[in-house]
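Okay, structure first, notes after.
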Amino acid sequence: MKKETSVFNFGRNYEPVDILAKVKVKNAGKPKFNFLDGPVTANAPLCLHHGWGRTLKDAYNRYNSLIGKEVDYVWGFDAQGMWVEVEVEKLLGLNNKKEIAQYGVDKFTEKCIERVNFFKNRQTEQSKLFEQLGDWEHSYITNSDKNITSIWHFLKVCNDKKMLKQSYKTMPWCPRCGTSLSEHEMSGSYKERTHKAVFVKAKLIGRDERILVWTTTPWTLAANMAIAINPEFTYCKCQVKSDANLLIVCEKQIKVLRDDLVKVVEKVKGSDLVGLTYEPFLPLQKQQFEHKIVPWDQVDEIDGSGAVHIAPGCGAEDFALGTKLNMAPFIIPVGENGAFYDDFEWLAGLSTVECEPMVFDQLSKNNALYYHHDYTHNYPFCWRCKTDVIFRLVAGYDIATDGIRKDLLKAADTVHWTPDFMGKSMRQWLTDMGDWNISRRRFYGLPLPFYPCEKCGHLNVIDSKEELRARAIDPSKVDALPHLHRPYIDEIQITCEKCHAPVSRVTDVGDCWLDAGIAPFSTKPKGQFKAEMVLEMKEQIRLWFYAQLFMSVVLTGEAPYKNVVGYSTIVDEDGKKFSKTGPRKVYIEDVVKQYGADVLRYAFASANPTLDMRFGDSIAEDAKRRLLAIWNAYVFYTTYALVDHPDVKNYQPENLTPIDAWLVQLTNQYIQATREAYDQFKIHQVVKLTDDFVEDISNFYIRVNRRRYWKNGEDQDKMNAYWCLFQALRSVVIVITPLVPSYAQYLWQNCFGEGEEPVMLANYPTQLKIKSKVNLLEPVNFVKKVISLGLSLRAENQIAIKQPLSKVYIKTNQVDTVTMFAAIIQDQLNVKQVEIVTDDEKFNVAYLTVNFKKAGAILKNRVQELKNALQNSKQMTEYVAAFDAGEKINITGFDPLTPDLFERKLAPRSGFVITAAGDVTVVLDTQITDDLMLEGIARELIRSIQLERMNQKLNITDRIIVDFKTADKKTYAAACAHQPRIMREVLATEMHVTEGTGENEIHIRLA
Ligand SMILES: [Zn+2]
Ligand SMILES: [Zn+2]
């Protein structure tokens, strides 16, 4: 066999290349495990953090193959949308949508397709390197015509159900990307930012008063349409140093006037201000209309002045208020690129950031500027390009959700969520979420199949490519489409189904979550949309899990999945996130090179997916250590099996010893428990069960049975030992195959025979059919406890394990167990005899100490004197006898004392050491006779000769000749007295013991 760590997959997978084809043949026609892969964005190489999900998905698929289910091993790639555009723009050095249009939308689209194809291939190769089994030729990709037209069909159904609506609303808007962001795209994209906030004054018409207003977005003053105050608040009219007019500010915020305040002249109620008119803040044609103070109960007294500037074209709440108060038409100051429209005069073409100095300047000239200050707040940014978002009134397409909210909740309740709090998160999200805004003003994405007729107002929605062709004014253009993307599809006009006028498509593309959300319907055969399970990061609740649930409920009324499994984030050992960008980017191939794919996969499989996973050298080392524990057990087995070639596969065990029967029971328990853990989607428990089982095999079964494999010949006892160990290890290798397929295959082919089918073609192990009358799992745990107590006694008292002792006494009521396993206890504790006792009195001496509480009350300051008298007394035996008889105790210098002034305690007699835990007491007789001493020396000598055999790399069957020279009389005596045993254990045919001078000398050579 190979040397330890080189068997881990550092790029060499031990699985046969045609394994998938063989697996498919084996399980063809069997019940299906219908898995759906959430498509990975084909926009960058796979990194370390992808490894976790890939390991778990691959493992569940492989497990289902092992239990005889048909699995398709199809993986998905997400291949269109804004995030591809952003990267291609960077690559081409384009800065905005105008430059893309100049470059050519057709060329730009082809570049996007080129990019996703490149990364689809790259990610495929990386996945193979990570041992992910895949039908890579049949991977699905979301930019395919099939995927696109499946979404068209969905949108058509939405339209038929009257769920599709065109709407104006204030949307978070990225000025760089030139598109809106949907509600679920905004979650988590907030950071602390410092902006310029400003207090401005509005001159009230016909009064020598100005009202103070506060805003954090000065550019929106160009779109001001009203000032809102709270009619319930008290406002103060204040005389100030800086202005001849009185300043109006709400009472609670009067502090914002700072030391400018001279005095409060008058107090009025907010309702008294309602209806007053004011001069616009900025000199613009657009601002030439009557501005009024309006009432609004949402105005608070926390920030600002208690008066709020209202710009319905720039904020969601403003829009709501403006709509309620019929302020339309609203002023929309900036275009898609975040720059002022041309009819905004001196602001035309400026961005919302660039315009700030000019706005302040104009406010100043107008005596409208009070002061500005830095203001730090949590502000949203675009998740793609990190630009600060602005809020903008946008026309777009929404899917109304209120109508199906109940159905969504009902469907979510039919799903089994792991961990179960994800189900609650989904419920919460479904309860709170607003309409789904699906349109984006971009280029490379799903072309929305919407053809609004300008003549009659009817919205035509196309269902399929066939329908597009049938209704196209020039069907040959449909036939000539290279694929269903812009700009090609924009060329096609159709006939309005109502008025027969020619209609063009809207230029919008779709939200990318439509692309991934349709996967259950675009990638699975008809009627098989419902996945047995999906598995992604927990954050996908609001994203992919949501999108597919929504689309499936619209199309079928049912959830698209039975089981949803979520996992958390990978952080480094300091708790920092590994992300796909920036300096913490770690490519899959680099970590495979560093740790080996098997080690990484075992580390990922070990992590509890409910919690964030820390990853670093020590985590990888720990996984490797646990894999090597399996390796060491296999090496033990094969070392002997290569000598004896036991035919374990055709062997029928009989007359199993209790310890063999125990291993069979433990193996059966392991097989059942791992299967349950897999079925409950708890892979980390499979790992824990495996690590524990291997520990039991290596550190108990092998340790106590080692000799049975050494002995010559092939009797039933030896074959039983081989068979039991073989079955245990064979189970382990199959159980870990889904987790570490290459490593498992290596162990399989090297341990379990040539000509054997690959382990992926094995069946998951089933219960070994060996009848046992009694359950041995608990009794053996007890035996392990006794042995561990005995060994710790030896360690505490510094008695070497090679030194035989005469006896161990065990006080317990588990007499049958100790009797059954006495030989093992005797061997493991290296004692000549095991004796069960009913009490431990004879190993102890009783003595009395002072009960300070009681004695103190009576003897007062003589208590210490009594303690000293007891400690130095030679009459303790008499005192104890009196105490036991309940009589008064006579101590010199004291009146006779009642027994309750004392406590009875026990100390080990000399020659014994004692320990106890729970209901078991273990006593070692520590007297070492001359015979025992010589035997101990002989055993040390055996160990030294064995070490020498290892140093010389001898085969375990090699016979040797030993020359041993010693100056020590005892050692000489031991070597002579135990020569036959030494020779037997070290496989010596001759042994020469001589007296020498100086250090002991051991020489061995082949016989
Ligand atoms: Zn952006
Ligand atoms: Zn029409």
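Which one of Lys252, Lys241 is in contact with a strand residue (DSSP E or B) (Cβ under 7 Å, 6 or more places away or on another chain), open to solvent by 10 Å² or more (accessible area, probe 1.4 Å) and either over 14 Å from Val389 (Cα atoms) or within 16 Å of ligand 2 (Cβ to nearest atom) (or both)? Answer to the selection: Lys241. Residues that are charged (D, E, K, R) and farther than 17 Å from Arg626 by Cα were ranked within region 676-713; the one that is modelled with the lowest pLDDT is Lys711. Take the conditions of a type outside the set (Gly, Ala, Ser), within 35 Å of the chain's Cα centre (by Cα), at pLDDT 95 or above and open to solvent by less than 20 Å² (accessible area, probe 1.4 Å) and apply them to Leu181. Does it pass? The answer is no for Leu181.
Residue-by-condition table, conditions (1) touching a residue at least 24 places away in the same chain (Cβ under 8 Å); (2) more than 24 Å from Val359 (Cα to Cα):
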site	(1), (2)
Trp214	yes, no
Thr217	yes, no
Pro231	yes, yes
Cys236	yes, yes
Asp243	yes, no
Arg258	no, no
Val262	yes, yes
Thr277	yes, no
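One residue stands out in region 367-381 among those that are open to solvent by less than 70 Å² (accessible area, probe 1.4 Å) and either among the hydroxyl-bearing types (Ser, Thr, Tyr) or assigned to a loop (DSSP other than H, G, I, E, B) (or both): the one that is nearest to ligand 1 (Cβ to nearest atom), namely Tyr379.
The condition (being without any contact (Cβ under 8 Å) to a residue 60 or more places away in the chain, under 30 Å from Thr657 (Cβ atoms) and open to solvent by 70 Å² or more (accessible area, probe 1.4 Å)) is satisfied by just one residue among Thr892, Thr838, Thr817: Thr838.
Pairs meeting the criteria (first residue in region 458-472 and touching a residue at least 60 places away in the same chain (Cβ under 8 Å) and open to solvent by less than 10 Å² (accessible area, probe 1.4 Å), second residue within 16 Å of ligand 2 (Cβ to nearest atom) and assigned to a helix (DSSP H, G or I), beta carbons under 9 Å, at least 6 apart or on different chains) are Val461/Asn159; Ile462/Arg471. For region 896-915, the criterion of being polar (S, T, N, Q), closer than 30 Å to Ile836 by Cβ and open to solvent by less than 50 Å² (accessible area, probe 1.4 Å) is satisfied by at least one residue.
The set of residues in region 40-54 that are in a helix (DSSP H, G or I) and open to solvent by 10 Å² or more (accessible area, probe 1.4 Å) comprises His49, His50, Arg54. Within region 951-975, the set of residues being assigned to a helix (DSSP H, G or I) and within 15 Å of Ala988 (Cβ to Cβ) comprises just one member, Ala975. Of all the listed residues (Lys146, Lys156), the sole one being closer than 16 Å to Ile518 by Cβ, away from ligand 2 (no atom under 16 Å from the Cβ) and touching a Pro at 6+ places or on another chain (Cβ under 9 Å) is Lys156. Between Asp58, Asp72, the distinction of being open to solvent by 10 Å² or more (accessible area, probe 1.4 Å), touching a helix residue (DSSP H, G or I) at 6+ places or on another chain (Cβ under 9 Å) and in contact (Cβ under 8 Å) with a residue 40 or more places away in the chain belongs to Asp72 only. Based on what the data block shows, is Glu497 of a type in the set (Asp, Glu), within 16 Å of ligand 2 (Cβ to nearest atom) and over 25 Å from Ile683 (Cα atoms)? The answer is yes for Glu497. Number of residues in region 82-94 that are touching a residue at least 60 places away in the same chain (Cβ under 8 Å) and open to solvent by 20 Å² or more (accessible area, probe 1.4 Å): the value is 1. Specify the residue that is nearest to the chain's Cα centre (by Cα); the eligible residues are those in region 184-202 that are of a type in the set (Lys, Arg) and surrounded by fewer than 19 Cβ atoms within 10 Å (Cβ to Cβ). Among those that are of a type in the set (Lys, Arg) and surrounded by fewer than 19 Cβ atoms within 10 Å (Cβ to Cβ), it is Lys191. The condition of being open to solvent by less than 30 Å² (accessible area, probe 1.4 Å) and within 30 Å of Glu887 (Cβ to Cβ) holds for only one of Leu848, Leu789, that being Leu848. Annotation note: of Val478, Val509, Val503, the sole residue that is more than 44 Å from the chain's Cα centre (by Cα) and away from ligand 2 (no atom under 16 Å from the Cβ) is Val478. Report yes if some residue within region 441-452 is away from ligand 1 (no atom under 16 Å from the Cβ) and either open to solvent by 20 Å² or more (accessible area, probe 1.4 Å) or at positive phi (or both); otherwise report no. Yes, there is a match, as at least one residue in region 441-452 is away from ligand 1 (no atom under 16 Å from the Cβ) and either open to solvent by 20 Å² or more (accessible area, probe 1.4 Å) or at positive phi (or both). Of the residues Ala641, Ala605, the single one that is in contact (Cβ under 8 Å) with a residue 60 or more places away in the chain, under 27 Å from Glu539 (Cβ atoms), in a helix (DSSP H, G or I) and open to solvent by less than 50 Å² (accessible area, probe 1.4 Å) is Ala605. Total residues in region 695-719 satisfying the condition of being surrounded by fewer than 23 Cβ atoms within 10 Å (Cβ to Cβ) and more than 20 Å from Gln826 (Cβ to Cβ): the figure is 10.
For every residue, the table says whether it meets (1) within 16 Å of ligand 1 (Cβ to nearest atom); (2) farther than 30 Å from Lys22 by Cβ; (3) crowded, with 18+ Cβ neighbours inside 10 Å; (4) free of Cβ contacts under 8 Å to residues at least 60 places away in the same chain.
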residue	(1), (2), (3), (4)
Arg115	no, yes, yes, no
Asn121	no, no, no, yes
Thr124	no, no, yes, yes
Phe130	no, no, yes, no
His138	no, no, no, no
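Exactly one residue out of Asp402, Asp398 is away from ligand 1 (no atom under 16 Å from the Cβ), open to solvent by less than 20 Å² (accessible area, probe 1.4 Å), under 30 Å from Arg542 (Cβ atoms) and at pLDDT below 95, and it is Asp398. Among the residues of region 570-582, some residue qualifies, meaning at least one is within 16 Å of ligand 1 (Cβ to nearest atom) and open to solvent by 10 Å² or more (accessible area, probe 1.4 Å).
Restricting Val415, Val389, Val461 to residues that are within 16 Å of ligand 2 (Cβ to nearest atom) and hydrophobic (A, V, I, L, M, F, W, C) narrows the list to Val461. Of the set (1) buried (at least 16 other Cβ atoms within 10 Å of the Cβ); (2) at pLDDT below 90; (3) more than 16 Å from ligand 1 (Cβ to nearest atom), all apply to Met422 but (2).
The residues listed here are Leu729, Leu747; of these, the one that is open to solvent by less than 10 Å² (accessible area, probe 1.4 Å), assigned to a helix (DSSP H, G or I) and at pLDDT below 95 is Leu747.
Only one of the numbered conditions (1) under 37 Å from the mean Cα position of the chain (by Cα); (2) of a type in the set (Gly, Ala, Ser); (3) surrounded by fewer than 21 Cβ atoms within 10 Å (Cβ to Cβ) is violated by Ala79, and that is (3).
The values are calculated or read from the model by the stated rules, or taken from the named source; none is laboratory data. Everything numeric in this text was worked out from a predicted model, so none of it was measured. Positions of Cβ are generated from backbone atoms using ideal geometry, with glycine treated the same way; all protein chains shown enter the neighbour counts. Ligands, DNA and RNA are excluded from the accessible area calculation, which covers all protein heavy atoms including side chains. Shrake-Rupley method; radii C 1.70, N 1.55, O 1.52, S 1.80 Å.
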